[in-house]
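Comments concern the structure below.
The values are calculated or read from the model by the stated rules, or taken from the named source; none is laboratory data. On a predicted model such as this, the values are computed, not experimentally measured, just so you know. All Cβ positions, even for glycine, are placed from backbone atoms using ideal geometry, and neighbour counts span all protein chains on display. Calculation scope for accessible area: heavy atoms of the full protein, side chains included, ligands and nucleic acids excluded. Shrake-Rupley method; radii C 1.70, N 1.55, O 1.52, S 1.80 Å.
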Amino acid sequence: MNINQKSWLTVDAKSDFPIQNIPFGIVRLPNKEVVAATRIGDKVINMAALYELGYFQSINEIAENVFNSSSLNNFIELGKPVWQSVRKVLIELFDEKNDALEKNSSHRSKVLLGISEVETLLPVEVGDYTDFYSSIEHATNVGIMFRGKENALMPNWKHLPVGYHGRSSSIVVSGTNIHRPKGQMKPPEQEVPVFGASKLMDFELEMAFVCGKKTELGESVNIEEAEDHIFGMLIFNDLSARDIQGWEYVPLGPFLGKNFGSVVSPWIVTLDALDVFRTESPEQQPEVLPYLKSSGKKSFDLNLEVLIQPEGGEENLICQSNHKYLYWNISQQLAHQTVNGCNINVGDMYASGTISGPTENSFGSMLELTWRGTKPLKLNDGSERKFINDMDTVIMRAYGEKDGLRIGFGESVCKILPAK
Ligand code: MN
């Protein structure tokens, strides 16, 4: 990657989308057509139009239906060499020294749109969804709150990336607003459970990776080849109702407290684009089993932020964390997911679990930030939050920054509406 490369399209210094990014997404055009797209600065690039105009002629695998699609699954299935060729074509086409498209105003008008002219949609058809629990700071915080300091981490935690199979039907794209869930819960002062709207509405700051290569039942992904099965990453807000969760989770784990909405950012950023942000993973003690031993830089230095915006009010930055804090990296997660022969499919999502850091302002959930409601957060307008109020908007952002180059994911935005 050339850190200094520039595009003939304008890119603001604070943009997440320089020419080095080239994320992939699905957009609805003003004429209602749904196509695959990428983005540079605030311009959306219609890849179906580029195909029709012959710009992908050099890539034989790309056929008519690949970009004229309501999901990226067909494109992703073509495999890593094809994603890489497509990225290369796009980077060359929009390089400031290449005026082939820049000077062709009729082509340009078919290919380029302003970001405000399109609707960004869920980028993949999600088959299966797993949620891990890979942040040691988060697992420790939650453990201290529920079991005390002595037993904070369960005995298995440092030996395997703990996870559970979640629900894909309620994974939605940024901009989708979610009603506060109703359900059964048992407040500590009550003898019997009650039914009603959740009072302890929370977010979880997570990143997810999207599976890019399937396996057959019975196969396992070797940890050194895990990244060949990963198309890219996005922001994942795993909305959680702590009171529903607290009552239902024993003994089979999270269920209705977790599956009423998970909000992802619309652009999938490839591992190729994130290469410059690679960093060492935290040291693991005790030593992990051989199938979980990874070498090289498998973690990513990505700044993560959570903001709360009350209705009509301003944004309040309440959390600053980093993807590199994850104890278990994405290669370890995928190796573990498949070690028993469980098959995976293109479009599957694997979320990290809440990514908390070591300091109090880096905790990735309200549960931790307010320590179960005992230390409310004060917002700019003077109001307090123990958890999320109705009509609050939760905004998550993620980006890497190195030597003046910023590559980011955009946003996951979700307003919490009153219970239905
Ligand atoms: Mn989660």
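Structure notes:
- Each 10 Å bin, from zero up to the one with the longest distance, holds this percent of the alpha carbon pairs of the range 25-121: 15, 52, 31, 2.
- Cα centroids of the range 164-214 and the range 68-124: 34 Å apart.
- Eligible lysines near LYS375 by straight Cα distance, threshold 20 Å, same-chain separation 8 or greater: LYS149, LYS199, LYS386
- Placing a label point 7 Å from the Cα of ALA63 along the Cα-to-Cβ line, the residues of the range 19-36 whose backbone N sits under 18 Å from it are 36.
- Calculated P(r) of the range 162-301 - Cα pairs past 19 Å, %: 64
- Accessible carbon and sulfur surface of the chain relative to its total accessible area, %, 1.4 Å: 49
- The range 297-358: GluC sites (Glu not before Pro) in DSSP loop, at most 13 other beta carbons within 10 Å: GLU311, GLU314
- Calculated from the alpha-carbon coordinates, the chain shows an Rg and a Dmax of 21.6, 73 Å respectively.
- Loop-located GluC sites (Glu not before Pro) in the range 49-78 (DSSP state other than H, G, I, E, B) with a sparse environment of at most 11 neighbouring Cβ atoms within 10 Å: GLU64.
- Cα→Cβ-extended label distance, 7 Å offset, between GLU191 and VAL250, nm: 2.0
- For the range 255-318, trypsin sites (Lys or Arg not before Pro) are listed when DSSP marks them as loop and at most 16 other Cβ atoms sit within 10 Å of their Cβ; the list is LYS293, LYS297.
- When the charge dipole of the range 51-204 is built from unit charges on Cβ atoms (+1 for Lys and Arg, -1 for Asp and Glu) and taken about the Cα centre, the candidate among GLN190, HIS165, VAL89 whose Cα reaches farthest toward its positive end is GLN190.
- From the alpha carbon centroid of the range 240-293 to that of the range 325-369 is 2 Å.
- Difference of contour (0.36 nm per residue) and Cα-Cα distance, LYS103 to GLN184: 23.0 nm
- Rel. contact order, % - alpha carbon contacts under 8 angstrom, at least six apart, the chain: 20
- Under-23-angstrom lysine pairs by C-alpha in the range 25-121, whenever the two are 8 or more apart or on separate chains: 11
- Measuring only protein heavy atoms, the 1.4 Å probe finds GLU248 accessible over about 50 Å².
- Rg ratio for the range 137-229: its Cα radius of gyration over 2.2 N^0.38 Å, N being its residue count, equals 1.52.
- Net lengthening on full extension, ARG278/ASP42 (0.36 nm per residue, minus Cα-Cα): 82.3 nm
- Here the alpha carbons of the range 95-172 define both size measures, Rg and Dmax, at 23.7, 68 Å.
- Accessible surface for the chain, divided over its residues, is 44 Å² per residue with a 1.4 Å probe.
- Net dipole in debye of the range 229-340 [+1 Lys, Arg Cβ; -1 Asp, Glu Cβ; about Cα centre; nearest 20]: 440
- Once the Cα-Cα distance is subtracted from the 0.36 nm per residue extended length, the LYS199 to GLU384 segment shows a gain of 65.1 nm.
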